[in-house]
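Below you'll find the structure, written out as structure tokens, and then a few comments.
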Amino acid sequence: MEFGQIIDLIKAVSDSNLTEFEIQDGETKISMETNKETKQITVTAPLVQPQLSAVQPAAVQEEEKAEEKTGNIVKSPLVGTFYQSASPESEPFVKEGDTVKKGQVLGIVEAMKLMNEIESEYDGTVKEILVKNEQMVEFGQPMFVIG
């Protein structure tokens, strides 16, 4: 299943009266549950991480770029839009060279109108930020190098 098809599927379920939906395509399984009272949709990740295809060269380039770096890599836990600050007027959560602690917020990934904080998994210094503000990120895409 391609990324565009998954997004269309999520929109269709969101716009319908369905409260639960599940589909399996090969080794990929997508399961969605909608809470119509709070207008939230929960999507569980596929059982098997999808293979990167030729359609996703940016993610592949970022992966290769991150592998060349030394340090701990913080990867995106979901597909969405990356934001470096809580609002356009706010300062970024972190900048290159900042010292961070495990659990400190590094940025936000918006997925389906839900803001998901990306926390550091490591103590150290932000060596490099591999994504730009408002850039689309893929599941498992390297975002930060912490040294």
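Would you please classify the overall shape of the stretch 62-147 from the alpha carbon gyration tensor, given that a ≥ b ≥ c denote the square roots of the eigenvalues, rounded means a/c under 1.5, and beyond that prolate means a/b larger than b/c while oblate covers the rest?
Numbers: a/c = 1.71, a/b = 1.22, b/c = 1.40.
In terms of gyration-tensor shape, oblate.
With every protein chain left in place, what is the accessible area of D98 in Å² (1.4 Å probe, nearest 10)?
50
The values are calculated or read from the model by the stated rules, or taken from the named source; none is laboratory data. Bear in mind that the values here come from a model prediction, so they are computed numbers and not experimental data. For the accessible areas, the whole protein counts, side chains as well, though only heavy atoms, and no ligand, DNA or RNA atoms are used. Shrake-Rupley method; radii C 1.70, N 1.55, O 1.52, S 1.80 Å.
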